[in-house]
1. Does any residue of the range 271-287 turn out to be at pLDDT 90 or above, outside any loop (DSSP other than H, G, I, E, B), in contact with a Cys (Cβ under 9 Å, 6 or more places away or on another chain) and open to solvent by 10 Å² or more (accessible area, probe 1.4 Å)?
2. Which members of the range 118-140 meet the condition of being among the acidic types (Asp, Glu), within 13 Å of MET400 (Cα to Cα) and surrounded by fewer than 21 Cβ atoms within 10 Å (Cβ to Cβ)?
3. Name the single residue that is surrounded by the most Cβ atoms within 10 Å (Cβ to Cβ) among those in the range 364-415 being more than 20 Å from the chain's Cα centre (by Cα) and of a type in the set (Gly, Ala, Ser).
4. What number of residues in the range 232-269 are under 25 Å from the mean Cα position of the chain (by Cα) and open to solvent by 30 Å² or more (accessible area, probe 1.4 Å)?
5. Looking only at residues that are at pLDDT below 90 and assigned to a helix (DSSP H, G or I) in the range 346-362, which one is farthest from the chain's Cα centre (by Cα)?
6. Please list, ordered by first then second residue, the pairs with beta carbon atoms under 6 Å, 6 or more apart or interchain, first in the range 182-195 and of a type in the set (D, E, K, R), second crowded, with 20+ Cβ neighbours inside 10 Å and at pLDDT 80 or above.
7. Would you be able to say whether some residue in the range 468-475 is modelled with pLDDT of 75 or more, in a helix (DSSP H, G or I), among the charged types (D, E, K, R) and farther than 30 Å from GLY160 by Cα?
Amino acid sequence: TQSTWGCSLLTEMEARDAAASISESDSSDGPSKIEIPHDEEDSSSFKFSWKTLWAFTGPGWLMSMAYLDPGNLESDLQAGAYTGYQLVWVLFLSTLMGLLLQIMAARLGVVTGKNLAEMCRENYPRPATMLLWIMTEIAIIGSDIQEVLGSAIGFHILFGIPLWVGCLITGFDTFTFLGLHFFGVRKLEFLFATLIMIMIVCFYANWIKIGSDVGELFYGWWAPVQVFQNKYATVQAVGILGAVIMPHNIYLHTALVQSRKVNRESRRDVTEANFYNAIESSGALLVAFAVNLAVVCVFAEGFFDKSCAEKGFSAKSLNLACVDGSLADFRDHDKYPEFTSQACRDRYKHAVCAEIGLQVAGEALSSVLHRSGKYLWAVGLLAAGQASTMTGTFAGQYVMEGFLNIRISMWKRVLLTRSLALGPAIVVAIATAHNTQLSDSLDEWLNILQSIQLPFALLPLLLFTSSGRVMGKFKNGPIVKTIVWCLAGLVMCTNGYLLYSFLSDPGSPIPHATWFYAIVTILAICYLFFILYLLRENLVNLLKAFGFKKLTVALDRTALIQSHD
């Protein structure tokens with residue numbers, strides 16, 4: 001039986017949908033929606049058109065910046081430096097998984113005319129909605145810290161300015177770039193395309209200069225067995241999977257696709273929009289994968305040493321790469337020259353095995369690609385940081401508006417969302433200015449944070465897109481539903497493994513004390529309880545299928561999403 005709350009909710013959503021279809025008014029402080037050209041000769045179906053594809057091109061490229069942010073670039077460089085080419089297949093499959101989720105996010109935005117945050121607010125009780133909002137804001141702030149710091153590191157390499165000053169510049173120039181939004185969505189999308197092109201030129205110039213072992217590259221792409229044979233690669237593989245898919249990016253994409261004017265009352269127009277959004281997202285993430293691949297290959301060729309990787313992990317539980325120990329940025333690092341191989345010593349006069357991260361990557365590149373490689377890396381990193389901070393700002397705006405149902409002017413939203421991230425980023429910049437290893441440890445914490453928050457975007461997305469009440473005839477089919485739920489289980493299990501490995505590692509920068517593990521256990525129980533709460537309707541259906549009727553009565557009365565499939 002359906003609860004009264006479910007009936008009233010459905011009526012409310014239908015009323016909202018009707019109002020939205022009558023007047024999809026543009027934001028008072030934003031640009032008009034982009035018109036989509038249609039073939040007037042046949043209104044029942046559509047044919048592929050480059051002109052129509054061009055009209056839909058844009059949101060996917062903004063979305064793809066989350067796959068190219070400084071946090072992902074650090075994951076790429078560490079994958080290459082610590083494991084060589086062994087994790088190329090993991091990067092590729094992670095990108096494909098991300099693509100499937102982004103296509104689903106785009107479909108949700110087009111079909112409902114609402115972003116994921118709005119859907120959560122309209123479907124979940126207020127306590128659950130507020131908790132989801134808090135979790136998502138924490139994820140955005142954590143991501144913003146990495147992005148702002150990435151830009152600051154780029155400024156520091158190019159101009160020698162302190163990191164905290166670079167953070168301030170990044171925070172304030174976001175207002176300048178977002179000012180383009182008032183001149184039309186196309187201007188902003190062109191800016192993002194330009195920044196992506198800068199990254200392609202910079203990172204591929206370094207890749208072409210250093211070269212690659214083509215045989216090893218393709219073996220790493222199609223031979224996953226290496227990861228299971230080498231434990232040092234397994235841990236890094238899980239880290240890539242957790243870093244690629246960003247929770248706030250799912251919320252963002254559901255909002256970005258609404259910049260195109262689509263008649264949601266027309267099944268043909270919705271089908272067309274879903275089709276072109278899928279093509280555009282595929283192209284954007286293909287380019288993102290190519291950029292990430294270039295970073296992996298440069299650092300694999302320049303810094304991977306199997307002896308450093310194996311001995312460092314077995315003796316110290318550390319991921320280590322072969323670097324020039326005489327470089328200034330490595331003087332305060334923990335170094336292990338005894339782990340080096342002859343190949344590593346042939347590469348550098350002062351060869352050591354050491355950890356490598358975003359702050360020291362530019363200096364490390366100067367030892368193999370000279371100053372040009374260092375500055376090309378800095379320009380690409382700066383472009384990545386600038387673009388990703390802007391997408392993070394957009395995500396913060398849509399999340400706040402959707403969950404809290406507030407409407408304030410854009411400059412106030414930008415000021416608020418920037419302030420939430422800028423303060424912590426400056427604190428981190430000052431604290432890590434002279435301690436790059438502390439910065440790397442913090443990045444580990446932030447990647448763990450993103451992993452923990454992922455289910456709070458992933459699960460609502462899967463629930464809504466699999467619901468006939470929400471998506472109508474555009475809901476996930478049985479095959480797609482099975483695939484995405486398996487992927488969701490894989491992502492959450494790997495993220496759980498990543499968290500467990502981090503907490504159980506004696507070298508992790510955490511207090512290995514009883515009180516700390518007690519707190520973590522309590523938080524883990526609350527975390528799992530909330531995930532089960534989000535999955536309540538699915539649990540009800542599963543219990544009913546196995547005949548547990550009495551057990552489902554209480555759960556069925558309070559199911560979060562009433563089933564109309």
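1. The answer is no; no qualifying residue exists.
2. Correct list: GLU137 only.
3. Among them, the one singled out is ALA364.
4. Start the filter on the range 232-269 by keeping residues that are under 25 Å from the mean Cα position of the chain (by Cα), which leaves 232-260.
Still in the list and also open to solvent by 30 Å² or more (accessible area, probe 1.4 Å): 234-235, 258.
So the count comes out to 3.
5. Among those that are at pLDDT below 90 and assigned to a helix (DSSP H, G or I), it is ASP346.
6. Qualifying pairs under 6 Å: GLU189/GLY58.
7. Taking the range 468-475 and keeping what is modelled with pLDDT of 75 or more, we get 468-475.
With in a helix (DSSP H, G or I) added as a condition, the list becomes 468-474.
Filter again for among the charged types (D, E, K, R), leaving 469, 473.
When the remaining residues are screened for being farther than 30 Å from GLY160 by Cα, the result is 469, 473.
Yes, the range 468-475 contains a residue that is modelled with pLDDT of 75 or more, in a helix (DSSP H, G or I), among the charged types (D, E, K, R) and farther than 30 Å from GLY160 by Cα.
The values are calculated or read from the model by the stated rules, or taken from the named source; none is laboratory data. This one's a predicted model, so the numbers in the text were calculated from it and none came from an experiment. Virtual Cβ from ideal backbone geometry, glycine too; neighbours counted across all protein chains shown. Protein only, heavy atoms only, side chains kept; ligands, DNA and RNA dropped before computing areas. Shrake-Rupley method; radii C 1.70, N 1.55, O 1.52, S 1.80 Å.
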